[in-house]
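Let me begin by presenting the structure, written as structure tokens, before commenting on it.
The values are calculated or read from the model by the stated rules, or taken from the named source; none is laboratory data. Keep in mind the model is a prediction, meaning the values are calculated, not measured. Virtual Cβ from ideal backbone geometry, glycine too; neighbours counted across all protein chains shown.
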Amino acid sequence: MMRSVGTLTRADLAEVINRKLGFSRAESLAMVETILDHMSGALEEGENVKISGFGTFLLRDKKQRVGRNPKTGIEVPITPRRVLTFRASQILKDRIADG
């Protein structure tokens, strides 16, 4: 698989689809874009995204809390926000550990 500086890109994913499934380069890239757009849309709507055998993208709503500026020590409010986390499946964890 082609990699650019140790990072897997959309183009790399499209290249694999092109090579292994025989779709054109344009079709392969469109397929990757459609999948990523669908995942992003689901997250935007507040849904978690689970890819069996890979992992789950989880949304968490964090409440407002008090933080501290590490340089000055002054307390500042941290506003409520939604954060995105990724939890790898056990299958992925095992593959990474064996790699």
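For the reader, a short list of remarks on this structure follows.
- Pair list, Cβ < 9 Å and 6+ apart or interchain, from region 76-99 residues that are under 19 Å from ARG65 (Cα atoms) and touching a residue at least 12 places away in the same chain (Cβ under 8 Å) to residues that are in a strand (DSSP E or B) and among the small types (Gly, Ala, Ser): PRO77/GLY67; ILE78/GLY67
- Test for ARG19: is it without any contact (Cβ under 8 Å) to a residue 60 or more places away in the chain and more than 26 Å from LYS93 (Cα to Cα): yes
- Residues that are part of a helix (DSSP H, G or I) and among the polar types (S, T, N, Q), drawn from region 29-51: THR34, SER40
- Test: residue in region 37-57 that is touching a Gly at 6+ places or on another chain (Cβ under 7 Å), modelled with pLDDT of 95 or more and of a type outside the set (D, E, K, R): no
- Residue-level check: of (1) in contact with a Lys or Arg (Cβ under 8 Å, 6 or more places away or on another chain); (2) in a strand (DSSP E or B), GLY67 misses just (1).
- Boolean, MET39 is surrounded by 14 or more Cβ atoms within 10 Å (Cβ to Cβ), closer than 20 Å to THR85 by Cβ and outside the structural domain of ILE96 (by TED's automatic domain parsing): yes
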